[in-house]
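Okay, so here's the structure we're looking at.
The values are calculated or read from the model by the stated rules, or taken from the named source; none is laboratory data. Bear in mind the structure is a predicted one, so any value in this text is a computation, not a measurement. Please note: Cβ atoms are built from the backbone with ideal geometry, for glycine as well, and neighbour counts cover all protein chains shown. Surface accessibility is based on the protein's heavy atoms, side chains included, excluding ligands, DNA and RNA. Shrake-Rupley method; radii C 1.70, N 1.55, O 1.52, S 1.80 Å.
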Amino acid sequence: MVRVELGERSYDICIGENRIPRLGELLNFVPKTSQMIMITDEIVFKLYGSRVLEILRSADFKVEPAVISGGEGCKNLATVAWLYEQMVAMGLDRKSTVVALGGGIVGDIAGFAAATYMRGIGYIQIPTTVLAQVDSSVGGKTGVNLPQGKNLVGAFYQPGLVFVDVAFIETLPEREYLTGLAEIIKYGIIWDKDFFNYLEEHRERIQSRDTECLMHITSRCCSIKAEIVAQDETESGLRALLNLGHTFGHAFETLTNYQSFTHGEGVAVGMIYAARLAHHLGIIPVEDLERITNLIIFYGLPVSFGNLKGQDIVVQMRKDKKNIGGKIQLILPTAIGASKIFDDVSEANVAMILDLDR
Ligand SMILES: NC(=O)c1ccc[n+]([C@@H]2O[C@H](COP(=O)([O-])OP(=O)(O)OC[C@H]3O[C@@H](n4cnc5c(N)ncnc54)[C@H](O)[C@@H]3O)[C@@H](O)[C@H]2O)c1
Ligand SMILES: [Zn+2]
């Protein structure tokens with residue numbers, strides 16, 4: 001169990017293996033009299049939908065599924081509007097609960113529907129991808145995309161419980177597994193040197209999805225995220241460290257129309273460029289830059305953004321919603337296990353690093 005300490009809005013992250021049958025007892029704080037909705041996507045519904053429904057129903061919850069198509073293309077207001085219709089039709093009231101069963105897409109959409117339906121009803125996260133288990137299901141960022149950009153509409157809205165079962169990871173496609181690993185490496189770089197060492201030392205076992213390693217990794221990442229969120233829930237400072245590699249990554253994703261990179265792949269390349277820039281600015285030793293690069297290469301994550309031009313990437317980075325007052329805000333590692341927010345790196349330096357050594 002990892003606790004996210006947020007006063008009245010505190011909650012537990014329960015991490016285990018094959019613990020799904022215990023879901024009912026962990027939901028002892030959820031009223032059984034009101035209807036529940038289980039939001040999931042088509043793939044996850046086929047794999048796990050009936051089992052989770054059965055477990056909830058055998059614990060006396062009245063629950064109906066709502067299945068969205070899945071993928072970034074459905075993370076929009078039309079899907080949310082459709083969900084509201086289902087919620088009204090099922091008779092959800094203010095004591096009702098939303099169960100988000102799936103990856104980060106399902107979690108973000110379901111969380112947003114819960115945040116806004118009747119001005120907010122309870123929800124719980126059952127993340128089924130690595131990315132969702134170590135990152136997106138924790139911390140209460142919910143929302144959807146607009147045609148103008150990713151995650152432009154949303155709310156900070158914390159779940160009542162995050163239920164992580166690492167057994168879900170068995171069926172995850174390899175590319176999605178690696179996407180999650182990029183976020184895991186991120187925690188080592190920004191926050192925890194020992195954890196980074198662990199990722200180096202156990203890399204073969206991690207690559208083969210060893211359960212013990214997955215349990216350890218998930219617990220550590222959730223603890224780090226819980227600690228950061230407890231100190232800075234709405235990202236006025238510290239929480240921004242979790243965006244290491246993301247300003248670069250989002251620019252790569254957008255410029256290639258989301259066709260070339262998954263989120264984690266963009267983040268992996270972005271972390272390499274953040275580390276190279278940090279080394280160029282003299283704030284991180286070359287050994288640390290090499291260790292970061294080598295670990296990312298070992299896991300088979302991409303290290304290059306193809307033939308995009310440095311200047312085009314910088315122009316795209318300027319549009320990032322995390323920037324304030326038109327200045328590019330960057331997270332740069334200052335060592336393995338430590339990082340800082342910078343808003344004074346010149347765009348010329350960023351473009352230069354992007355065009356170097358390719
Ligand atoms: N809220 C946050 O703090 C936060 C943080 C990071 C990312 N995100 C968001 O998360 C989204 C990406 O999430 P994701 O990477 O989990 O993608 P995803 O939800 O699209 O899941 C990836 C794919 O794996 C499938 N899948 C899920 N679980 C499975 C399982 N156990 N077995 C087999 N297949 C399974 C899904 O159906 C989907 O096709 C993005 O929209 C991103 O913006 C949010
Ligand atoms: Zn991310």
Expressed in angstrom and rounded, the centroid-to-centroid distance over alpha carbons for the range 171-188 and the range 1-17 is 22
Rounded to a whole %, the carbon-and-sulfur portion of the accessible area of the chain at a 1.4 Å probe is 50
Label points 7 Å out from Cα along the Cβ direction at ARG203 and LEU146: separation in nm?
4.2
In degrees, nearest 10, range 0 to 90: what is the angle between the Cα axis of helix 246-255 and the longest Cα principal axis of the chain?
90
Calculate the all-directions average of the projected area of the range 2-171's alpha-carbon convex hull, and give it in nm².
8.8
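Can you compute the FRET efficiency between THR171 and VAL88 using 1/(1 + (r/R0)^6), with r the Cβ-Cβ distance and R0 = 22 Å? Round to the nearest 0.05.
0.10
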Using alpha carbon centroids, what distance separates the range 297-317 and the range 78-95, in Å?
40
Which of LYS193/LYS340; LYS150/LYS322; LYS186/LYS225; LYS186/LYS309; LYS141/LYS193 have a Cα-Cα distance over 19 Å?
LYS186/LYS309; LYS141/LYS193
The range 174-355: mean projected area of Cα convex hull, nm²
9.7
Unit charges at the beta carbon, dipole of the range 179-295: most positive-side option, LEU295, GLY282, VAL267
VAL267
Counting only DSSP beta bridges fully inside the range 1-91, the antiparallel percentage to nearest 5 is 35
Measure nothing fancy, just the Cα-based angle from helix 286-298's long axis to the longest principal axis of the chain, in degrees from 0 to 90, nearest 10.
50
What does the charge dipole of the chain about its Cα centre add up to, to the nearest 20 debye, if the Cβ of each Lys and Arg holds +1 and the Cβ of each Asp and Glu holds -1?
760
Go through ALA182, ALA115, MET1 and say which Cα lies farthest out towards the positive end of the charge dipole of the chain; charges sit on Cβ, +1 for Lys and Arg, -1 for Asp and Glu.
ALA115
How far is helix 174-191 tilted off the main Cα axis of the chain, in degrees rounded to 10, range 0 to 90?
70
